[in-house]
Amino acid sequence: MENLVLAKVNGKEITQKDVDFFLNTLGPEQAAQFGNPEGMKQLLQEIINQELLYFEAVEDKLSETQAFEEELERLKGHILKTLKIREIFEGIDVTDEEVNEYYESNKARFEKPAQVKASHILVKSEDEGLEVLKRLEDGEAFGEVAKAVSTCPSKEKGGDLGYFGKGQMVPEFEAAAFDLSVGERSGLVQTQFGYHVIELTDKKEPEATSLEEIKPRIQQDIVTRKQAQAYQDKVSALRTKYPVETY
């Protein structure tokens, strides 16, 4: 793909790759802000501004100043440290045996929690709730009553809330829903939102996540642990090689 020249500053070309590189140095929010044609034009102008500053800095011989030498030394130190850490981490890998052992030892961490699927009818007062219970006891379909009187947006789906796990609903609602058996209906359940009648339509018991699903995460966990250990081992050895004094 052709690297399109977008501008020249004092004879130096600024290309599309330069703009793309600049965009990639931004944080996610800024990148999203400038990742459009108008934003790219603004980035190009900023690159031009920085090149203008660069040429004047060269003309002013800032590279011959003490401040430049100090900054260069700091940058050199940072680069060398980064390269050394990269060297320490080279060759760290993860075997299938390690992945399997980690999975078997940590199955509880990867377990999919229990979920329930429920529908509900929400009304404002206890009297309205009692009327809902009477209509249901008289044989009216739960979904039809929900559509007729519920104040929750779920009324459009007959009160269906879909699947949810613990911690996703207010405590009173959660406790009542998880205490029901499939097909069972609650009495009135009061929460900060009003009065609910809940019907449990399905329940999923906790289940283990398969090794294939979780393998990339396990590999990353092991690599991170090995890197941390390799780093600690290295700096511990270096503390015996070079004197360290703290004040």
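The values are calculated or read from the model by the stated rules, or taken from the named source; none is laboratory data. What you are looking at is a predicted structure, and each value in this text was computed from that prediction instead of being measured. In this analysis, Cβ positions are derived from the backbone assuming ideal geometry, glycine residues included, and neighbour counts consider all displayed protein chains.
Please work out which residue is farthest from Thr224 (Cα to Cα), limiting yourself to segment 90-110 and to residues that are surrounded by 13 or more Cβ atoms within 10 Å (Cβ to Cβ) and among the hydroxyl-bearing types (Ser, Thr, Tyr).
Residue satisfying both the conditions and the ranking: Tyr103.
For segment 70-121, what are the residues that are within 30 Å of Ala208 (Cα to Cα), assigned by TED's automatic domain parsing to the domain that holds Val182 and over 28 Å from the mean Cα position of the chain (by Cα)?
Ser119, His120
Tell me, which residue of segment 198-240 that is part of a strand (DSSP E or B) and surrounded by fewer than 13 Cβ atoms within 10 Å (Cβ to Cβ) is modelled with the highest pLDDT?
Asp202
Out of the residues in segment 172-212 that are free of Cβ contacts under 8 Å to residues at least 12 places away in the same chain and more than 30 Å from Ile88 (Cα to Cα), which is nearest to the chain's Cα centre (by Cα)?
Ser210
Output the number of residues of segment 126-149 satisfying the condition of being exposed (fewer than 12 other Cβ atoms within 10 Å of the Cβ) and in a helix (DSSP H, G or I).
Going through segment 126-149 one residue at a time, the tally reaches 3.
So if I check each of Ile92, Ile85, which one is under 30 Å from Gln232 (Cα atoms), touching a residue at least 40 places away in the same chain (Cβ under 8 Å) and not in a helix (DSSP H, G or I)?
When all the criteria are applied, what remains is Ile92.
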